[in-house]
Amino acid sequence: MATKNLSAYDASQVPSAAGMRFGIVVSEWNWEITGALADGAFETLLKHGANEEDIHIKMVPGSFELPLGGQFFAEAGQVDAVILLGCVIQGETRHFDFICQGVTQGAMDLNLKYNLPFIFGVLTTDNQQQALDRAGGKLGNKGDEAAVTAIKMVALKKSF
Ligand code: DLZ
């Protein structure tokens, strides 16, 4: 169980996102949650200096499709980082495990294949309340955290 607020960070330690280009891929499944994650990520990128026209948002049907949506961004070649946002909630079957395994491995593979940051902003929770708590609720917003991670990784890459 997360014990820290996902939106709590030292803003002075975040590089400027001015001039950085971002793709955001959002899963439509559990939209009440993922829409809030997307809002958090978008607002956080703007807060740190990204230009609105440099942030491109695309939807995919479910979290399983997030890696392919991310790959479409990479193949188009016009972003510096891609944020993958989804929410997988435990059900009665093992579907949860297969989706989580697929999206996690898929995201890692993309990072290394394209030498581009693909940020894992997927909530994997036991129930809806845990997800709400992490999508703008009492534990902050994982979308904010994903955006900050994206900015930091783009800056890191530029530093080499
Ligand atoms: C099918 C399914 C189920 C049962 N649960 C979720 C979920 O909790 N979160 C989510 O993002 N997607 C879910 N999906 C849809 C799959 O991610 C995927 O879209 C379908 O299996 C089609 O490939």
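Could you check the range 17-31 and list, in sequence order, the residues that are free of Cβ contacts under 8 Å to residues at least 40 places away in the same chain and more than 23 Å from Gly106 (Cβ to Cβ)? Result: Ala18, Gly19. Sub-8 Å Cβ pairs linking a first residue in the range 79-97 that is part of a loop (DSSP other than H, G, I, E, B) to a second residue that is of a type outside the set (Ser, Thr, Tyr) and near the ligand (Cβ under 10 Å from one of its atoms), at least 6 apart or interchain, are Gln90/Phe96, ordered by first then second residue. Looking only at residues of the range 32-74 that are hydrophobic (A, V, I, L, M, F, W, C) and within 12 Å of the ligand (Cβ to nearest atom), we find that the one that is nearest to His95 (Cα to Cα) is Phe64. All of (1) out of contact with any Lys or Arg (no Cβ under 7 Å at 6 or more places or on another chain); (2) of a type in the set (A, V, I, L, M, F, W, C); (3) farther than 15 Å from Phe22 by Cα; (4) touching a residue at least 40 places away in the same chain (Cβ under 8 Å) hold for Cys100 with one exception: (4). Considering only residues that are aromatic (Phe, Trp, Tyr) and crowded, with 16+ Cβ neighbours inside 10 Å, look in the range 86-116 and name the one that is modelled with the lowest pLDDT. Ranking the candidates gives Phe96 first. Of the residues making up the range 8-31, those that are under 13 Å from the mean Cα position of the chain (by Cα) and either in a helix (DSSP H, G or I) or within 14 Å of the ligand (Cβ to nearest atom) (or both) number 3.
Among the residues in the range 84-97, are any away from the ligand (no atom under 12 Å from the Cβ) and out of contact with any His (no Cβ under 7 Å at 6 or more places or on another chain)?
No, that holds for no residue.
Among residues of the range 124-150 that are at positive phi and buried (at least 24 other Cβ atoms within 10 Å of the Cβ), none has a beta-carbon under 8 Å from a residue that is in a strand (DSSP E or B) and not β-branched (Val, Ile, Thr) at least six positions away or on a different chain. In the condition set (1) free of Cβ contacts under 8 Å to residues at least 40 places away in the same chain; (2) buried (at least 16 other Cβ atoms within 10 Å of the Cβ); (3) within 16 Å of the ligand (Cβ to nearest atom); (4) not polar (S, T, N, Q), Ile119 is compliant with all but (3).
The values are calculated or read from the model by the stated rules, or taken from the named source; none is laboratory data. It should be emphasised that the depicted structure is a prediction, and the values quoted were computed from it without experimental measurement. As a convention, Cβ positions derive from the backbone with ideal geometry for all residues, glycine included, and neighbour counts pool all protein chains shown.
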